[in-house]
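One structure is given here, and the rest of the page talks about it.
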Amino acid sequence: MAYWDEDIETMNGKSLKELQSEKLVKLVHNVYNNSNFYKKRFDENGIKPEDIKSVDDLRKLPYTYKKDLRDTYPTGMFCVKSTDVSRIHASSGTTGKPTVVGYTKNDLDAWSESLARSLTSVGVNENDIIQISYGYGLFTGGLGVHYAAEKLGATTIPAGTGNTEKQIMLIKDLEATVICCTPTYFSYMIEVAEKEGINFKRDTKLKIGFFGAEPWSCELRNKIETKTGIKAYDIYGTSELSGPLFTDCTEQNGIHIWADMFIAEIINPETGEPVEDGEIGELVITTLCKEALPLIRYRVGDLTSITHEKCACGRTHPRIMKLTGRSDDMTIVRGVNVFPGQVESVLLSIPEVTSNFRITIDRINELDKMVVEVEINDEMFTDKMADLYNLQAKLEKELLSVLGISASVKLVGSDTLPRFEGKAKRVIDNRKY
Ligand code: DLL
């Protein structure tokens with residue numbers, strides 16, 4: 001069963017706006033009447049549900065933040081009775097309590113419909129065999145992709161994370177055609193497969209991969225595609241919005257955000273003002289059909305740009321471009337914004353090293369010092385001091401030009417740095433604030 005809703009996915013801008021307006025008006029009444037949190041937030045900002053008559057009034061509504069979810073831990077922002085909650089997920093977060101997300105039956109259905117539409121947009125269908133190598137459990141990756149794949153009528157292999165040799169064996173022996181995991185984990189799978197003499201192109205039926213849950217660069221996409229012969233698509237979402245929800249289509253030119261379900265805005269994170277299409281800013285999402293945990297103007301914290309132009313695939317819904325990182329993932333070193341993704345792009349342009357790296361930041365005598373540990377590529381290994389010195393100098397020069405600040409490069413042997421089966425942790429910040 002193909003999951004392609006032509007009427008919705010190619011709806012013209014005017015009709016989409018009307019649909020969004022209708023849903024938004026219902027949403028504001030719903031949250032005001034069913035959540036003490038939203039009632040208080042609206043009252044504090046002098047907003048009444050009646051003030052919202054269409055999406056043109058969206059900007060009158062106050063933002064919500066991840067902090068609001070934490071402050072109302074565990075379920076203070078839910079808008080339904082606990083007996084109507086069908087499932088709970090939670091995001092780990094690096095500090096404190098997890099963010100708890102609840103879903104009604106309809107929420108679960110809408111979540112899998114959103115992702116099923118997206119999977120369909122790159123041609124995945126009931127004939128595919130999808131290996132899901134995202135964690136199953138409180139993390140939304142495993143179950144999120146799983147139910148969308150089942151909705152399509154595809155065959156699922158719920159592999160979860162870990163046991164990489166077995167993962168590769170399953171891809172091969174069960175003839176998986178699609179793989180879903182973090183880009184870092186797939187890079188590791190490629191490494192392990194190479195060591196075992198397995199060539200994804202030659203020895204498997206894989207043709208598509210969905211990689212996400214963490215930022216990754218276009219260079220990594222190219223590398224994965226060249227090495228394995230598959231098409232590598234982005235998959236995006238956050239647990240607060242449900243989990244994995246959206247992917248790019250066959251055009252690989254932006255991730256479609258289903259506008260009948262979500263309103264996407266991009267704002268300047270500092271001023272809160274909207275930015276123009278094409279300009280990078282923070283993604284803000286209003287959920288139009290979530291029941292258990294509706295979010296109004298939720299500051300997602302991810303940095304990207306948006307386009308409302310019709311896609312060459314025919315779909316009219318807005319697209320966000322590859323995410324550059326999170327506003328809070330960004331590290332500020334000597335006053336300059338540094339994203340781990342920038343380092344990844346540099347490393348992928350230099351064949352003598354792998355794309356695995358670790359950034360350590362220390363503050364010595366009031367000065368930030370950044371060290372980037374980089375693995376030498378096994379095939380390029382040399383023990384000639386002059387070559388190593390030149391390589392190090394080349395990397396430092398490239399990093400300076402891309403990051404805008406200097407970083408010391410420490411070359412380490414291949415397989416020295418940790419590998420990740422889920423989201424990679426690239427930055428160790430030892431500075432005391
Ligand atoms: O990572 C949901 C997910 C699962 C998405 C599987 C895709 C695939 P959280 O754990 O709440 O949820 O983390 C959400 O991860 O705000 C982004 O910062 C980052 N992220 C997710 N997908 C991408 C992507 C899941 N494609 C946070 N590119 C988000 C860049 C991504 N960053």
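Scanning segment 301-342 for residues that are within 22 Å of residue 401 (Cα to Cα), over 16 Å from the mean Cα position of the chain (by Cα) and without any contact (Cβ under 8 Å) to a residue 60 or more places away in the chain yields 332, 335, 337.
If you go through segment 295-347 and keep only what is within 16 Å of the ligand (Cβ to nearest atom), assigned to a helix (DSSP H, G or I) and either assigned by TED's automatic domain parsing to the domain that holds residue 38 or of a type outside the set (Gly, Ala, Ser) (or both), you end up with 340, 342, 343, 344.
Select from segment 148-167 the residues that are more than 27 Å from residue 4 (Cα to Cα), surrounded by fewer than 20 Cβ atoms within 10 Å (Cβ to Cβ) and out of contact with any Phe, Trp or Tyr (no Cβ under 8 Å at 6 or more places or on another chain) and list them in ascending order. 162, 163, 165, 166 - these are the residues of segment 148-167 that are more than 27 Å from residue 4 (Cα to Cα), surrounded by fewer than 20 Cβ atoms within 10 Å (Cβ to Cβ) and out of contact with any Phe, Trp or Tyr (no Cβ under 8 Å at 6 or more places or on another chain). Of the strands (runs of 3 or more DSSP E) lying entirely inside segment 197-248, those containing at least 1 residues that are within 16 Å of the ligand (Cβ to nearest atom) and at pLDDT below 95 span 208-212, 231-238. Taking the criterion of being free of Cβ contacts under 8 Å to residues at least 60 places away in the same chain and closer than 21 Å to residue 273 by Cα, the residues of segment 62-73 that qualify are 67, 68. Filtering segment 223-240 to residues that are out of contact with any strand residue (DSSP E or B) (no Cβ under 6 Å at 6 or more places or on another chain) and free of Cβ contacts under 8 Å to residues at least 12 places away in the same chain leaves only 226. Is one or more of the residues making up segment 31-40 part of a loop (DSSP other than H, G, I, E, B) and either surrounded by fewer than 19 Cβ atoms within 10 Å (Cβ to Cβ) or not assigned by TED's automatic domain parsing to the domain that holds residue 258 (or both)? No, there is no match, as no residue in segment 31-40 is part of a loop (DSSP other than H, G, I, E, B) and either surrounded by fewer than 19 Cβ atoms within 10 Å (Cβ to Cβ) or not assigned by TED's automatic domain parsing to the domain that holds residue 258 (or both). None of 307, 331, 324, 287 is more than 30 Å from residue 227 (Cα to Cα) and in contact with a Leu (Cβ under 7 Å, 6 or more places away or on another chain) except 287.
Looking across segment 381-405, just one residue is touching a residue at least 12 places away in the same chain (Cβ under 8 Å), β-branched (Val, Ile, Thr) and either touching a Phe, Trp or Tyr at 6+ places or on another chain (Cβ under 8 Å) or in a loop (DSSP other than H, G, I, E, B) (or both), and that is 405. Exactly one of these conditions fails for residue 361: (1) in the same structural domain as residue 218 (by TED's automatic domain parsing); (2) in a strand (DSSP E or B). Give me its number. Evaluating residue 361 over (1) in the same structural domain as residue 218 (by TED's automatic domain parsing); (2) in a strand (DSSP E or B) leaves (1) as the failure. Candidates in segment 411-433 are the residues that are polar (S, T, N, Q) and farther than 15 Å from residue 187 by Cβ; of these, the one that is nearest to the ligand (Cβ to nearest atom) is 430. Being away from the ligand (no atom under 14 Å from the Cβ), within 22 Å of residue 89 (Cα to Cα) and modelled with pLDDT of 95 or more is true of residue 151.
Residue-by-condition table, conditions (1) closer than 16 Å to residue 297 by Cα; (2) touching a residue at least 60 places away in the same chain (Cβ under 8 Å):
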position: 6; (1), (2): no, no
position: 18; (1), (2): no, no
position: 23; (1), (2): yes, yes
position: 28; (1), (2): yes, yes
position: 32; (1), (2): yes, no
position: 39; (1), (2): yes, no
position: 45; (1), (2): yes, no
position: 55; (1), (2): yes, yes
position: 60; (1), (2): yes, no
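The values are calculated or read from the model by the stated rules, or taken from the named source; none is laboratory data. Note that the coordinates shown come from a computational prediction; the quantities given were computed from them, not determined experimentally. Glycine also receives a Cβ, built like all others from the backbone with ideal geometry; neighbour counts cover every protein chain displayed.
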